[in-house]
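Written below as structure tokens is the structure these notes are about.
Every number here is computed from the coordinates shown, using simple stated rules; none is lab data. These numbers were taken from a predicted model, which means no experiment stands behind them. Note: ideal-geometry Cβ built from the backbone for every residue, glycine included; neighbour counts use all protein chains shown.
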Amino acid sequence: MKIGITCHHTYGGSGTVATELGMALAKRGHQVHFITFERPYRLKADPNIYFHQVDIMHYPLFEHTPITLSLAAKMGEVLCTEALDLLHVHYAIPHATAAYLGRQLCYKKNVRVVTTLHGTDITLVGQDPSYYSITRFSIEQSHAVTTVSQWLKDETIREFKIERPIDVIHNSVDTKRFFRMEMESAFRLKYAPKNEPIVVHISNFRPVKRVEDVVRVFARVREKVPAKLLMIGDGPMRMPAQQLATKLGVMNDTWFLGKQDEIEKYLSIADLFVFPSQSESFGLAALEAMACGVPVVASRSGGIPEVIVNGETGYLAEIGDIEHMAGHGVELLVDQTLAKRISDASVQRVHERFTHDKIVSRYVELYEREIELAASMV
């Protein structure tokens, strides 16, 4: 198959999922064309992967550059010149809208459009009054729609009064990359010189991630266990989190490492992963931690309970419940038998339900179904 993929190229869940999917499809022999404003940050070279950069025109008349039109024009161009079989867009606005327009520009009218909804495109952006109608229209005009969790499907139907079918296809993790690696002792000792337990958090540091709660949880854990905290990622809440760490007296035990490409190395030295998000449509960072055998303490929000089975593969607490999160964290760091049981169960759950092979096969089945439908209409 010849598949086009459009996603946000920046550091974040939807772009990561789309890029990993594209690379997995390429390894299966499919030709994959990324149509984005910049090369996705996780995208690696492969003979079956092509990158088409969207050109942006800067003109004084346009106070706000019409990026949706630029994207639609490039989509139409690639659909025609590369004779794509299908276009898979990740995130409703502006990608699904641009796909609708781009398809009209191409002579090959039977190209199918698959839209995957990831979370804030539904719960935040799409519900803004200025975007509500175009978001609903773009969902309805897509030939197939998927969500990354049952929770997000239910939210989409409820908020947008959607009556069309929606497939739930969970996010996946590359278990050939994310597993518990044997790291050189010097790497761990760099952050924990006395071999203290290591707590990790990874996100884009947006307010919805509640990174200050991570610091508060760690401060309480630190009262009972001489641990270290690694904060990986960057965003608007980094400075407030640093200020809070200083205020609570744990800054000397905390490392703010910014964005990191090889996060599997950090997860391989982690003893606990803290994930207290306000809203999370799935929880890819938690899944990657689980694949590396790191026990996770998270908030019971959005689709996270579809990833973590409370008390079996991690622990869930109500949003903002610092005490319970810290309590579970201390328990996991102190009781090695419990931590090992949670770790083993986490890895097993990942391999049973969330591997690339299983999830990519679901998408391939969906693509084949849509292409067959298109062929029957010719």
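Length available on full extension from Asn252 to Thr65: 0.36 nm per residue minus the Cα-Cα distance, which gives 62.9 nm. Distances between every pair of Cα atoms in the chain, grouped in 10 Å steps from 0 to the bin holding the largest one, split as 5, 23, 31, 23, 13, 4, 0 percent. In a simple Cβ point-charge model (Lys, Arg +1; Asp, Glu -1; nothing else charged), the chain has a dipole of about 360 debye relative to its Cα centre. Modelled spin-label separation between Gln243 and Leu189, with each label point placed 7 Å from Cα along the Cα-to-Cβ direction: 3.8 nm.
Dividing the summed -39500 (n - 2.57) terms of all DSSP H runs of n ≥ 4 by the residue count of the chain sets its mean residue ellipticity at 222 nm at -13000 deg cm²/dmol.
Per residue, the convex hull around the alpha carbon atoms of segment 185-353 comes to 101 Å³.
For segment 282-303, the residues whose backbone nitrogen is under 11 Å from a point 7 Å from the Cα of Val168, taken along Cα to Cβ, are 303.
The Cα center of segment 86-103 and the Cα center of segment 145-195 differ in position by 23 Å. Report the FRET efficiency, 1/(1 + (r/R0)^6), for Glu182 and Glu352, where r is their Cβ-Cβ distance and R0 is 22 Å, rounded to 0.05. The formula returns an efficiency of 0.35 here. Stretching Lys340 away from Asp55 to a fully extended chain increases their span by 97.6 nm, per 0.36 nm per residue minus the current alpha-carbon distance.
For the peptides 370-376, 154-160, 282-288, the ranking by mean Cβ contacts within 10 Å, running from highest to lowest, is 282-288, 154-160, 370-376.
Proximity of backbone amide H atoms, modeled 1.01 Å from N, is registered between Ala317 and Ala298, Ser299, Arg300 at under 5 Å, excluding neighbours fewer than 5 places apart on the same chain.
Say we join alpha carbon atoms closer than 10 Å with springs in a Gaussian network model of the chain; which of Lys161, Lys265, Lys228 then has the biggest fluctuation? With Cα springs under 10 Å in the chain, the top fluctuation among Lys161, Lys265, Lys228 is at Lys161. Counted by neighbouring Cβ atoms within 10 Å, the residues Arg164, Arg188, Arg216 run from fewest to most as Arg164, Arg188, Arg216. Comparing mean-square fluctuations of Pro40, Pro295, Pro60 from a GNM of the chain with C-alpha springs under 10 Å, the top value falls on Pro60.
Each residue of segment 31-46 was assigned a 3J(HN,Hα) from its phi angle through the Karplus curve 6.51 cos²θ - 1.76 cosθ + 1.60 (θ = phi - 60°); the sequence is 8, 10, 10, 8, 10, 9, 6, 9, 5, x, 5, 9, 6, 10, 5, 7 Hz, with glycine and proline shown as x.
Close amide-amide hydrogen proximity is noted between Phe282 and Gly303, each under 5 Å apart and 5 or more residues distant or on a separate chain (H modeled in the peptide plane; Pro and chain starts excluded). Take every pair of alpha-carbon atoms less than 8 Å apart whose residues are at least six positions apart; their mean separation over the length of segment 185-353 yields a relative contact order of 22 percent. How far apart, in nm, are two points set 7 Å out from the Cα along the Cα-to-Cβ line at Leu105 and at Glu262? Roughly 4.0 nm, to one decimal. The order of Ser279, Ser133, going from fewest to most other C-beta atoms within 10 Å of their C-beta, is Ser133, Ser279.
Among Tyr131, Tyr266, a tally of other beta-carbon atoms within 10 Å of each Cβ gives an order, fewest to most, of Tyr131, Tyr266. Take every Cα pair under 8 Å whose residues are at least 6 apart in sequence, average their separation, divide by the length of the chain, and the relative contact order is 14 percent.
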